[in-house]
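See structure below.
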Amino acid sequence: NIWLGTSGGGISKYFGQQFTHFDQRSGLAGRNVYAIAEDTSGAIWFSTSAGGLGRVEGNSIKDLSRAEGFPTVKIKKLMTDLQNRLWIGTEGEGLYVYNGHDFKHFGNENGLKGNWIRDIIQDLAGNIWIAKAGGGIAKLSEENAQFEFNQFGLDEGLPEDRINALIQDKSGRIWFATTSTGCGFIQNDSIINFSTKDGLSSQK
């Protein structure tokens with residue numbers, strides 16, 4: 001199935017020949033859908049303009065945020081990792097991870113350094129990479145259930161600290177896109193930048 005988040009029309013599911021719609025009559029909290037993710041069980045997770053976190057269950061919507069104690073905050077990015085945990089990037093409230101039972105929060109108070117999340121990916125080694133608006137890039141490593149951040153900002157060589165998108169290539173490099181100074185990649189904790197001086201048609 002193909003799932004589509006709309007601006008004003010809720011969520012639509014396309015399954016080959018027709019669409020099924022989920023809106024406020026189905027229990028959707030807001031009309032504008034910002035992010036959608038699927039976990040390994042096939043469950044569809046989403047966030048809306050009303051804030052909080054929801055899940056499609058059959059032909060209805062369940063608001064997981066209120067049931068599980070997640071704050072009603074705007075979410076712009078959802079990602080499921082190899083352990084089937086749901087990573088949640090918020091607007092101003094940092095990063096959360098949901099393991100199916102409870103939420104863990106990462107913010108300025110425990111090392112994230114930037115609470116406006118723009119993108120989240122997992123690399124081939126299992127590390128979580130977070131792009132932030134105003135906080136650069138963070139690499140989150142986990143060992144024996146302990147998390148550790150490695151930060152990449154202006155001091156480490158980023159051309160700016162407002163990062164919009166991340167992707168990993170087949171060589172293992174983590175590519176990033178900035179707001180106004182081009183793009184680049186991180187490899188072995190070193191940063192290479194590209195701008196119009198290097199042949200880009202635009203830096204935005």
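The values are calculated or read from the model by the stated rules, or taken from the named source; none is laboratory data. All figures in this text were calculated on a predicted structure; none of them were measured in a lab. Cβ sites come from the backbone with ideal geometry, for glycine too, and all protein chains shown count toward neighbours. Note: areas computed on protein heavy atoms with side chains; ligands, DNA, RNA excluded. Shrake-Rupley method; radii C 1.70, N 1.55, O 1.52, S 1.80 Å.
If Rh is defined by the Kirkwood formula over all Cα pairs and Rg also comes from Cα, what ratio Rg/Rh do you get for region 100-182?
On the way: Rg = 12.8 Å, Rh = 13.2 Å.
Dividing the radius of gyration by the Kirkwood radius yields 0.97.
Please list 162, 55, 118, 31 from largest to smallest accessible area, probe radius 1.4 Å, with all protein chains kept in place. Let's see the in-between values first.
Details: 162 110, 55 50, 118 75, 31 140 Å².
The residues order as 31, 162, 118, 55, largest area first.
Pick out which of 172, 157, 16 has the largest mean-square fluctuation in a Gaussian network model of the chain, springs linking Cα atoms closer than 10 Å.
16
Just to confirm, what accessible area per residue do you get for the chain at 1.4 Å probe, in whole Å²? All intermediate terms of the calculation are to be shown ahead of the outcome.
Numbers: 10610 Å² over 204 residues.
Per residue, the chain has an accessible area of 52 Å².
Hey, if you drop one equal point scatterer on each alpha-carbon of region 1-70 and run the Debye formula without solvent, what base-10 log of I(q)/I(0) do you get at q = 0.11, 0.25 Å⁻¹?
After summing over all Cα pairs, the log10 values are -0.22, -1.18.
Where Rh denotes the Kirkwood radius from the mean inverse Cα pair distance, what is Rg over Rh for the chain? Mind showing how you got there, number by number?
Working: Rg = 17.8 Å, Rh = 17.9 Å.
That ratio is 0.99, to two decimals.
Please check which bits of region 122-151 a label hung off residue 164 would reach, taking the label as a point 7 Å along Cα-to-C-beta and the cut-off as backbone N under 15 Å.
Zone members listed by number: 131-134.
Can you give the translational diffusion coefficient of region 37-130 in µm²/s, computed by Stokes-Einstein from the Kirkwood radius over Cα pairs at 37 °C and 0.692 mPa s?
Values: Rh = 13.5 Å.
Rounded to a whole number, D works out at 244 µm²/s.
In the Gaussian network model of the chain, springs joining C-alpha atoms below 10 Å, which of 132, 104, 74 carries the largest mean-square fluctuation?
104
If ligands, DNA and RNA are left out, what is the accessible area of residue 40 with a 1.4 Å probe, given in Å² to the nearest 10?
For residue 40, the solvent-accessible surface is approximately 110 Å².
If each residue of separation counts as 0.36 nm, what is the full-extension length gain between residue 59 and residue 101 once their alpha-carbon separation is subtracted? Walk me through the intermediate numbers first.
On the way: separation 42, 0.36 × 42 = 15.12 nm, distance 2.30 nm.
Between residue 59 and residue 101, full extension yields 12.8 nm more.
If you count only protein heavy atoms and use a 1.4 Å probe, how large is the accessible surface of residue 45, to the nearest 10 Å²?
Taking all protein chains as shown, residue 45 has close to 10 Å².
Multiply the residue separation of residue 150 and residue 74 by 0.36 nm, subtract the distance between their alpha-carbon atoms, and state the gained length in nm to one decimal. Before the final figure, lay out each step's value.
Details: separation 76, 0.36 × 76 = 27.36 nm, distance 2.53 nm.
Length difference between fully extended and current span is 24.8 nm.
Keeping every protein chain in place, order 96, 34 by accessible area at 1.4 Å, biggest value first, i.e. largest first. It would help to have the intermediate numbers written out before the result.
Values: 96 30, 34 80 Å².
If we order 96, 34 from most to least accessible, we get 34, 96.
How large, in percent, is the carbon and sulfur part of the accessible surface of the chain at a probe radius of 1.4 Å? Write down the numbers at each step before the final one.
Working: 4640 of 10610 Å².
Answer for the chain is 44 percent, counting heavy atoms of protein chains only.
Quickly work out the residue 142-to-residue 194 label distance, labels modelled 7 Å from Cα along the C-beta direction, and quote it in nm with one decimal.
In this crude label model, residue 194 to residue 142 measures out at 3.2 nm.
Count of lysine pairs in region 1-151 with Cα atoms under 22 Å apart, counting only pairs 8 or more residues apart in sequence or on different chains?
23
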